[in-house]
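Dropping a structure here in structure tokens format, bear with me for questions.
The values are calculated or read from the model by the stated rules, or taken from the named source; none is laboratory data. Everything numeric in this text was worked out from a predicted model, so none of it was measured. Cβ placement follows ideal geometry from the backbone for every residue including glycine, while neighbour counts extend to all protein chains displayed. Only protein heavy atoms, including side chains, enter the accessible area calculation; ligands, DNA and RNA are left aside. Shrake-Rupley method; radii C 1.70, N 1.55, O 1.52, S 1.80 Å.
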Amino acid sequence: MKILKREVNNVPVTIIKTNKFKQVAGRLYFKSPVLKSTITNRMMLRNMLMESCKKYDTSEKLYIKSLECYDASLYASSSRVGNYHITSFTFSTLIDKYTKEGNLKDVIDLFCEIIFNPLVSNSAFDSDTFDLIYETKKSALEKIKEDSGSYIERQVLKNLDENKAYTYMSDLKYLDKITSKSLYDDYLDMINNSSISLVLAGDIDFDNPIIDIITSKIKKNKKFDVKLLIDNDNDNEKEENKVITEDFFGTQNIINYVLYLKNLTDFERNYVAPLYRIILGGGVSSRLFSIIREENKLAYYSFARYEKDDSLMYIIMGIEKENFDKAYKLTNKIIGEMKNLSEEEVEHAKKSYITLYEESQDKITNIIGSYNKLNLFDIKDDNELIENINKVTKKDIEKFASKVYPHICYFLKGE
């Protein structure tokens with residue numbers, strides 16, 4: 001597998017050249033500084049563009065066309081990464097060797113129709129399509145409280161620093177302000193005021209005409225000096241670890257424990273923290289699982305999640321409500337004891353990380369996603385990633401443990 005880079009029509013293009021797959025895949029990224037309102041707008045915009053376009057003005061027509069292209073896969077995603085919002089559009093299809101000649105170009109034409117030729121009239125999105133997407137999004141936001149896991153995550157964020165981008169989330173108060181006209185204005189803003197890049201994977205070269213077809217559609221490509229990473233370095237380290245309890249109508253009892261990560265080096269952020277997470281709560285061999293769940297029978301599940309771009313780590317548990325005090329105290333004890341590890345734990349964490357990463361590369365679109373994540377954090381390629389993971393020592397992880405600060409433990413207490 002080779003990484004090839006070039007700028008085409010003022011757009012950075014990366015080819016991950018490999019003959020491992022019978023497919024070609026590509027992803028077009030639109031990245032811009034995140035705003036509280038854009039979280040809701042871009043989530044809705046993503047769905048709007050994938051519902052129809054000018055040439056295929058219903059979802060049925062769009063679906064039938066993708067089937068005619070040998071069931072090509074076309075989808076969009078929208079997410080916040082640190083201080084940026086990234087909306088991406090993805091295609092994957094069989095290479096022409098396994099289809100009729102010209103199928104790849106047909107897929108690219110459809111891909112471009114979806115992104116650059118939406119169903120618009122009088123400078124507004126089609127009203128019927130807009131109403132459908134709007135009501136779907138509104139219903140999803142109204143039902144969040146029915147999903148205890150999603151609900152507690154939002155409640156936790158409401159208790160963190162509202163000036164940090166990781167507290168921004170989709171909200172009905174922003175949705176209520178969106179019209180078919182304002183959403184189209186936001187679409188134009190995304191198209192014209194984003195940092196845009198294209199990543200392709202498969203047995204493809206720069207002389208392939210699909211690259212010019214896509215990049216020629218892009219008229220503007222901006223650069224931003226907003227830093228990607230969010231840090232918590234200036235938050236008061238002596239702030240008391242706060243416990244918040246909320247009575248909940250459901251039957252589940254969930255703990256969502258937020259840990260601040262402070263003053264991290266790039267090496268710690270990229271390589272040490274993931275191994276710390278695995279040892280703390282990354283599987284059946286982790287300390288949380290073995291001590292909280294297996295030895296003390298205090299939780300149905302217990303795991304840790306690392307958010308690199310936000311400098312946060314979460315511990316999430318499902319418990320019986322009468323076990324909260326014991327589980328909370330024992331979790332704090334486990335966090336404190338992460339400053340004393342065994343060599344066996346460290347080696348197991350390395351093997352687990354590398355195995356899971358290599359398994360994830362068995363899908364062509366995952367290769368693109370992994371490359372983009374590495375690129376965002378200035379990691380050259382997966383060889384550099386694995387090489388540095390193997391360099392991490394027990395001492396590195398124990399030192400990192402002193403940079404972990406329990407901040408808020410939110411307990412959603414069911415009936």
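If each of residue 144 and residue 344 carries a label point 7 Å out from its Cα toward its Cβ, how far apart are those two points in nm?
4.4
Rounded to the nearest 10 degrees, what's the angle between the helix 103-116 long axis and the longest principal axis of the chain, both from Cα atoms, 0 to 90?
Rounded to the nearest ten degrees, it is 70.
If I fit a long axis through the Cα atoms of helix 36-51 and take the longest principal axis of the Cα atoms of the chain, what angle between them do I get, 0 to 90°, rounded to 10?
Roughly 50 degrees, rounded to the nearest 10.
Percent of alpha carbon pairs in the chain separated by more than 26 Å?
Cα-Cα pairs of the chain separated by over 26 Å account for 61 percent.
Would you mind telling me the share, in percent, of accessible area of segment 246-314 contributed by carbon and sulfur at probe 1.4 angstrom?
51
Of the accessible area of segment 158-235, with the probe set at 1.4 angstrom, what percent is carbon plus sulfur?
43
Mean-square fluctuation check for the chain, GNM, Cα pairs under 10 Å: which of 83, 340, 41 is largest?
Comparing 83, 340, 41 in the GNM, the peak value goes to 340.
Mind listing the phi-derived Karplus ³J(HN,Hα) values for segment 351-368, rounded to whole Hz, using 6.51, -1.76 and 1.60 with θ = phi - 60°, and x for any glycine or proline?
Each residue's phi maps through the Karplus curve to give 5, 4, 4, 5, 4, 5, 5, 5, 5, 5, 7, 7, 10, 4, 6, 5, 4, 5 Hz.
Here is a follow-up. Of all the accessible heavy-atom surface of segment 1-149, with the other protein chains kept in place and a 1.4 Å probe, what percent is carbon and sulfur?
Its accessible area is 48 percent carbon and sulfur atoms.
Still on this structure, please answer the following. Which of the peptides 42-48, 15-21 is most tightly packed, and how do the rest follow, judged by the mean count of other Cβ atoms within 10 Å per residue?
42-48, 15-21
Across segment 329-343, in residue order, what do the Karplus-derived ³J(HN,Hα) couplings come to in whole Hz, using 6.51 cos²θ - 1.76 cosθ + 1.60 with θ = phi - 60° and x for Gly and Pro?
Each residue of segment 329-343 in turn: 5, 5, 5, 4, 5, 5, 4, x, 7, 5, 7, 10, 10, 9, 4 Hz.
Using a 1.4 Å probe, what is the accessible area per residue for the chain, in Å²?
That works out to 48 Å² for each residue.
Using a simple spin-label model with points 7 Å from Cα along the Cα→Cβ vector, what separation in nm is obtained for residue 373 and residue 8?
Between residue 373 and residue 8, the label points sit 2.6 nm apart.
Extension gain residue 189-residue 395, at 0.36 nm per residue separation less the Cα-Cα distance, in nm?
69.4 nm
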